[in-house]
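Visitor: One structure is given below, represented as structure tokens, and several questions about it will come after.
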Amino acid sequence: MKNLSQTNYSSALETVRNLKKKYGETWNEIHSESAARMMIQNRFKTGLDIASYTANIMREDMAAYDADASQYTQSLGCWHGFVAQQKMIAVKKHHKTTAKKYLYLSGWMVAALRSEFGPLPDQSMHEKTAVSSLIKEIYDFLRQADAIELNDLFRRLENGEDVQDQIDNFETHIVPIIADIDAGFGNEEATYLLAKQMIQAGACAIQIENQVSDAKQCGHQDGKVTVPHEDFIAKLNAIRYAFLELGIENGIIVARTDSEGAGLTQKLPVSEKPGDLASQYLAFVEAQEIAIADAKEDEVLLKRNGKLVRPVRLANGLYKFKNGSNIDRVVLDCITSLQNGADLLWIETPTPNVKQIAHMVNRVKEVVPNAKLVYNNSPSFNWTLNFRNQAYEEMLLEGENMTAYDRNNLMDAQYDGSELCHRADEKIKTFQMDSSREAGIFHHLITLPTYHTTALHMNNLTEGYFGEEAMLAYVKGVQRQEIRNGVSCVKHQRMAGSDLGDDHKTFFAGEKALKASGEKNTSNQFEVRGNTAKVEEKISVLAS
């Protein structure tokens, strides 16, 4: 994905030279080469530049997936700009391109890690502005990654290396963010206002769910309450208007339905004629036939198929859906959303089962053939147990002797090297490929990976550091691994922008600049060369 078409070093250099001619001697201290270098290291001047650019990427990827289902996309959830930055640096290092690799912004992680109230459950209690602030922070860090890598390339060019082609064809770390707006944080006007902030920060894709905003629950918890379609459509419209107002005509809306696991509704919509959308929604509400004489004062009744019925209502005023209606509700939600401006779907499921997802999506495709799904490869699933259960069922149907396995204890480590384990792990490995081919999944994401990796790594480091290993736990488990794996952040001063800042200060002040680099900079210790640790060579991968 070569993406410096908007501006490149040569055109930037020409622009500055012309400006110097225009302003004459007052610009004598501005060096054209230095200014052009700074101009291309910050290609994206605003969040709207980013939103427009990344929306184009997503639209192209969606078209590619429609033509070939193996061309699905992926992302990992990030709760800090630094985490997102290091992810994209690693993507470029290991996979050579950022193509089809996105970022996900999880409302769950914003609530748990970014609220001024402290850690919160995923119930839309955190500050609205925390979402757009995190989007801005992520793109600030990604722009810095661009600047650092380009600065390294220019340093190498000045030292005589032939890297001009790498500069001219530089691939940015800026990639699409799919950003979670939860249930919209209020009414449709509130949704519109927050969507604008998110788009202005750089979001090209906004995901919204059909739960009641002030009763929102995590998609993998109980107690979810959905809204009638008319209410959800109003919020889809609000997001589209926000995109259009800000000039992002191809912005993406991801419509999430929680109906698979939601058994309640807060509101009964008004049906204007039999069979309309409100009528279809009301048909899912559980109700009991009664005689008019049995009706209580002030209770709500419905006429259904010529009979009077009483909707089942809980003590808290919520209405109950019919048992077993969840899949039909999911399908209707998805079709309705796509017919009313949504671009992609999100279906929360209880387990990661390709056949179950395909059953729902294929019903949607009967009405909207190009329906595509964003799917949460959630850490809320016990992936090992789910897929060992699936493998167990398949082996049983194939006539395998399963007496060696305790069906109630398939997580046991004793099965780790078994045929059951190998089958289950292969299913996990190919889950994204299989479900994209068979169940219409365009984008796979893990919502909370960096939440869990942070906890795991801190657990392991803490065990050793405060134990017998002491400092060796950090050196062996962290720094030595950074060095040997060429992790750029081992030189943390450079990653924070120290070298970049030194070069800028030189542009600004020339020989008078006070720079951080030099013989007494301890980061020089990581420039050791030899048979055991060619650190500088590995670190330079970042710039190649």
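Visitor: Measure off, as a whole percent, the carbon and sulfur share of the 1.4 Å-probe accessible area of the chain, all protein chains present.
Guide: It is 51 percent, rounded to a whole number.
Visitor: Right, something else. Can you pull the Kirkwood radius for the stretch 417-481, inverse mean 1/r over Cα pairs, to one decimal in Å?
Guide: So the Kirkwood estimate lands at 15.1 Å.
Visitor: Moving to a separate point now. Which value, in Å², gives the accessible area per residue of the stretch 100-221 when a 1.4 Å probe is used on the protein heavy atoms?
Guide: It amounts to 33 Å² per residue over the stretch 100-221.
Visitor: Just how much of GLU60 is accessible, in Å², when a 1.4 Å probe is used and the result is rounded to the nearest 10?
Guide: Around 120 Å² of this residue is reachable by solvent.
Visitor: Below 14 angstrom from the Cβ of ALA287, what's the summed charge of the other residues (Lys, Arg +1; Asp, Glu -1)?
Guide: +3
Visitor: Something else: Of the chymotrypsin sites (Phe, Trp or Tyr not before Pro) in the stretch 74-121, which ones lie in a loop per DSSP and count no more than 15 other C-beta atoms within 10 Å?
Guide: Hits after loop and neighbour filter: PHE117.
Visitor: Bin width 10 Å, origin at 0, all Cα-Cα pairs of the stretch 222-362: what percent of pairs per bin?
Guide: Each 10 Å bin holds this share of Cα pairs: 10, 36, 31, 17, 5, 1.
Visitor: What number, rounded to the nearest 500 deg cm²/dmol, is the helix-based mean residue ellipticity at 222 nm of the chain, given -39500 (n - 2.57) per DSSP H run of at least four residues and division by all its residues?
Guide: It lands at -14000 deg cm²/dmol.
Visitor: Let me ask something else. Express the accessible area of the stretch 285-405 per residue in Å², computed with a 1.4 Å probe while the remaining protein chains stay in the model.
Guide: 52
Visitor: Give me the one-decimal Kirkwood hydrodynamic radius in Å for the stretch 1-80, with the sum taken over alpha-carbon pairs.
Guide: 15.8
Visitor: Solvent-accessible area of TYR23, probe 1.4 Å, all protein chains present, reported in Å² to the nearest ten, please.
Guide: Per-residue accessible area (TYR23): approximately 110 Å².
Visitor: Using a 1.4 Å probe on the protein heavy atoms only, what accessible surface does GLU230 show? Give it in Å² to the nearest 10.
Guide: Approximately 70 Å² for this residue.
Visitor: Once you keep just the Cα pairs under 8 angstrom separated by 6 or more residues, what percentage relative contact order results for the chain?
Guide: 15
Visitor: Above 22 angstrom, tally the Cα pairs of the stretch 247-327 and express them as a % of all pairs, no decimals.
Guide: Of the Cα pairs, 35 percent sit more than 22 Å apart.
Visitor: If you don't mind, another one. Over 23 Å between C-alpha atoms is what I'm after, so list which of LYS87/LYS355; LYS224/LYS322; LYS303/LYS365; LYS101/LYS491; LYS45/LYS505; LYS20/LYS505 land there.
Guide: Checking Cα-Cα distances, LYS87/LYS355; LYS303/LYS365; LYS101/LYS491 exceed 23 Å.
Visitor: Now a separate question. For the chain, how big is the tail of P(r) above 44 Å, as a whole percent of Cα pairs?
Guide: Beyond 44 Å sits 28 percent of the P(r) for the chain.
Visitor: While we're here: Write down the Å³ per residue value for the convex hull defined by the alpha carbon atoms of the stretch 33-86.
Guide: It comes to 137 Å³ per residue, whole-number rounded.
The values are calculated or read from the model by the stated rules, or taken from the named source; none is laboratory data. For clarity, every value in this text was computed on a predicted model and none was experimentally measured. Glycine also receives a Cβ, built like all others from the backbone with ideal geometry; neighbour counts cover every protein chain displayed. The area values use the complete protein model at the heavy-atom level, side chains included, leaving out ligands, DNA and RNA. Shrake-Rupley method; radii C 1.70, N 1.55, O 1.52, S 1.80 Å.
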